[in-house]
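Taking it in order: structure first as structure tokens, then the write-up.
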Amino acid sequence: MKKNPHLIIGTLAIGTLALSSCGDTAEAGAAEEGFPSAPVEMVIPYPPGGGSDVLFRLMAEYAEEHLGENIVPINVEGASATVGSRQVKDSTADGYTILGTHQVTAAAFHTNIVDYGFDAFEPIALGTATPHLPSVSADFAQEHGIEDLQGFLDHVEANPGEVTWAFTTGSEDHYTVAAILDAAGIDPTSLNYVNYNGTGPQYAALIAGEVDGMTGDYASGEGYIEDGSLIPLGVVNEDRDPQLPDVPTVSEQGIDFTLTVDRGFLAPEGTPAEHIEVLQDAFEAAFAEEEFQERVEELGSYPNFMNSEDYQSHIDELDSSMEQLADQMQEF
């Protein structure tokens, strides 16, 4: 397949053990008969508690039943999700170490955080899609009379530099907020940005009053929305979220932009195609289960399986879209 050139709750000790033991199992690029014959380590490049952590662990739980070996989730956070992605990129290309990721792989490259993107990996499968949910704290909304996205954008435009926004540099929420402001005709640098390492710390900062808003999703923000401490401004998707029927999409509010957080799995470049196929098939079987689909939808996401080939085409398109806003994203 042709690639676009632009394109812990475990411990690092466990991760190191898994890497060293699996490295002896198969040489990079050489298929192993009966793969897998040992547990597969799934690196989640975010801290525990965020939407990615919740959904990747759920996907691993169901897929390992079809794989015949455990899939061990390991949180390896830091540097806008690139500590974990680099660990997988540099691991033995044998299929025993995989990466749970989304648009951050392209965003981190285009904002010059790292010198590699999707092209450093082999796609395994896409699993779920999750609409983004830009939100503000209830205190901020009440103080400024903000009820929806348009009201928020009007406030930002009238008060440039005053609204404090949590984000993770080079992540997909970095891209989303830049794209929304750009689509509204507002300078993306009009917000006062504060970098946090993942969605979990962003929520903590929002609830503590350190920032006024952030871009999350229902999977990670459900509890805060239900207790009234978080006010969703709009769903970044073509359709409303069934879990939030009263929250309009950003398109309904005049902003021509849609984006879902597309969570899938990658392996190091050079991983045997036979191993990719085994992993792909396990995920496909898991995601077809009705119980899995119901649990994903309860988290405000939806199953969106793509095999390795289709996932490659999809990430090529993602990469191209992010490249268009790369210059503006590098400004904050």
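The values are calculated or read from the model by the stated rules, or taken from the named source; none is laboratory data. Nothing here was measured: the structure is a model prediction, and the numbers come from that model. Neighbour counts run over all protein chains shown; Cβ positions are idealised from the backbone, glycine included. Quick note on the areas: whole protein, heavy atoms, side chains included, nothing else; ligands and nucleic acids left out. Shrake-Rupley method; radii C 1.70, N 1.55, O 1.52, S 1.80 Å.
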* Would you work out which of Gly264, Val278, Gln293 lies farthest towards the positive end of the dipole of the stretch 237-294? Charges go on Cβ: Lys and Arg +1, Asp and Glu -1. => Gly264
* Give, as a single signed number, the net charge of other residues whose beta carbon lies under 10 Å from the beta carbon of Thr249, with Lys and Arg counted +1 and Asp and Glu -1. => -3
* Computed over the stretch 70-140: relative contact order in percent, which uses C-alpha pairs under 8 Å that are six or more apart -> 23 percent
* Structure fact -> In the stretch 81-157, the GluC sites (Glu not before Pro) that sit in a DSSP loop and have at most 12 other Cβ atoms within 10 Å of their own Cβ are Glu147
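Per residue, how much accessible area does the chain show when a 1.4 Å probe rolls over the protein heavy atoms, in square angstrom?
Working: 12950 Å² over 332 residues.
So the chain comes to 39 Å² accessible per residue, rounded to a whole number.
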* Asked: Residue by residue through the stretch 115-122, which ³J(HN,Hα) values in whole Hz follow from phi under the Karplus form 6.51 cos²θ - 1.76 cosθ + 1.60 (θ = phi - 60°), with glycine and proline marked x?
  -> 9, 9, x, 4, 5, 8, 9, 9
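In the chain, what percentage of the DSSP-assigned beta bridges are antiparallel, given to the nearest 5?
60 percent
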* Asked: For the stretch 85-227, with the dipole built from +1 on Lys and Arg beta-carbon atoms and -1 on Asp and Glu ones, taken about the Cα centre, which of Gln142, Pro201, Trp165 lies farthest toward the positive end?
  -> Pro201
* **the stretch 44-141, accessible surface, carbon-and-sulfur percent (1.4 angstrom probe)** => 43 percent
* To do: Please list the non-local residues whose amide H lies under 5 Å from the amide H of Ala125, H modeled 1.01 Å from N, same-chain partners needing a gap of 5 or more.
  => Phe265
* For the chain, what is the mean residue ellipticity at 222 nm derived from helices alone (per DSSP H run of n ≥ 4: -39500 (n - 2.57); sum divided by total residues; nearest 500 deg cm²/dmol)? -> -12000 deg cm²/dmol
* Among 96-105, 234-243, how do they line up from the highest to the lowest mean number of other beta-carbon atoms within 10 Å? -> 96-105, 234-243
* Asked: If you compute P(r) over Cα pairs in 20 Å bins from 0, in percent for the structure shown, which of (1) 33, 56, 10, 0; (2) 24, 52, 22, 1; (3) 28, 48, 16, 6, 2, 0 do you land on?
  -> (1)
